[in-house]
1. Fewest Cβ neighbours within 10 Å first, please rank 240, 144 accordingly.
2. What does the helix-only formula give at 222 nm for the chain: each DSSP H stretch with n ≥ 4 adding -39500 (n - 2.57), the total divided by the residues, and the result rounded to the nearest 500 deg cm²/dmol?
3. For the stretch 83-120, which trypsin sites (Lys or Arg not before Pro) are in a loop by DSSP, counting at most 16 other Cβ atoms within 10 Å?
4. Among 255, 54, 7, whose Cα sits farthest toward the positive end of the charge dipole of the chain (+1 at Cβ of Lys/Arg, -1 at Cβ of Asp/Glu, about the Cα centre)?
5. Test of understanding: ordering 52, 257 by Cβ neighbours within 10 Å, fewest first, what list do you get?
6. Sort 143, 95 by Cβ crowding within 10 Å, fewest neighbours at the top.
7. Cut-off under 17 Å on the C-alpha distance; same-chain residues fewer than 8 positions from residue 9 excluded. Which aspartates and glutamates are left, in chain and number order?
8. By how many degrees, 0 to 90 and rounded to 10, does the Cα axis of helix 41-51 deviate from the longest principal axis of the chain?
Amino acid sequence: MTMKVQPLKGPPPAEVPLPRAPLVQVVAQVRFAPILAIGRPDKVVDFQEAIRSTYPNLTDERMPHFSVGANGVPSFAESVIWRFNGGSKSPKWRVSLGVDFVALETGAYVSRQDFLGRFELVLNSLQRVFAPGEIQRLGLRYVDRIVEDGLKNIHRLIKPNVLGISMPEEETSSSLYSAIQHLLTEAHLLAEEGLMQARWGHLSPNVTYDETALPALDKSSWVLDLDLFTTTPQPFESADLLQLTTRFAERNYSVFRDMVTEDFLRFYGGNL
């Protein structure tokens, strides 16, 4: 007898690669206690050299910060975020490094193995060059966006209990479907590895809740946004963090598979 997979605990289902997956953004981020040396160009040289063959282009982004002191006098400070991207060969891959975080993000996800391999390079390089003492947060986020033909067939791709009133009228007794302009569900789910913030639903044209990860489109879409994270402090050991990130990827996939149908897998090129 086949055992039902528990999406928030236990082993994940077997992975089904999707050649045409509707993933628009994948982000892994580690936060740690501030390391002021990261703000200095001469200290970032070794980190750049460690990843430069994969992420050759470097730009810096200045972030202003305003604060008011105990005496009521406002002050201004500026921090820098170093942005390394893949250049013309991999323009949709980027590493971001700030004084208290490092992140890997892509809009051109190929596979779990490829992403984790790239994240391993980032973690190893950061540990060797700056040796952060302890992490404060580790997160991994996957954002899918369904448009056009996928949206027309949404009732076949997403399970009814997830769609709710987004099910077309001919598939349900609800008469609310045709009136939907915007419908977004948010749930905080306790998983074996940490807390998951899950958001899903229908976005109208020119609407978004996160311009960075999900830029507004001029057409309707349906999104599935899974962000698993932990805020439990632990030593910054790249091997341990990569292992935990791998478990995060598997957990995100388990929840994803619990929300989509087999038709979804086939629609986006999965071989069942």
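All of the numbers you see were taken from the coordinates with simple rules; none came from a lab. Being a predicted model, the structure only gives us computed values, none of them experimental. All Cβ positions, even for glycine, are placed from backbone atoms using ideal geometry, and neighbour counts span all protein chains on display.
1. The fewest-first ordering by Cβ neighbours comes to 240, 144.
2. -7500 deg cm²/dmol
3. For trypsin sites (Lys or Arg not before Pro) across the stretch 83-120 that sit outside H, G, I, E and B with at most 16 neighbouring Cβ atoms in 10 Å, the list reads 89.
4. Toward the positive end, the furthest listed residue is 54.
5. The most exposed by this proxy come first: 52, 257.
6. Numbers: 143 20, 95 25.
The order, fewest Cβ neighbours first, is 143, 95.
7. 192, 193, 227, 250, 258
8. Relative to the chain, helix 41-51 is tipped by roughly 50 degrees.
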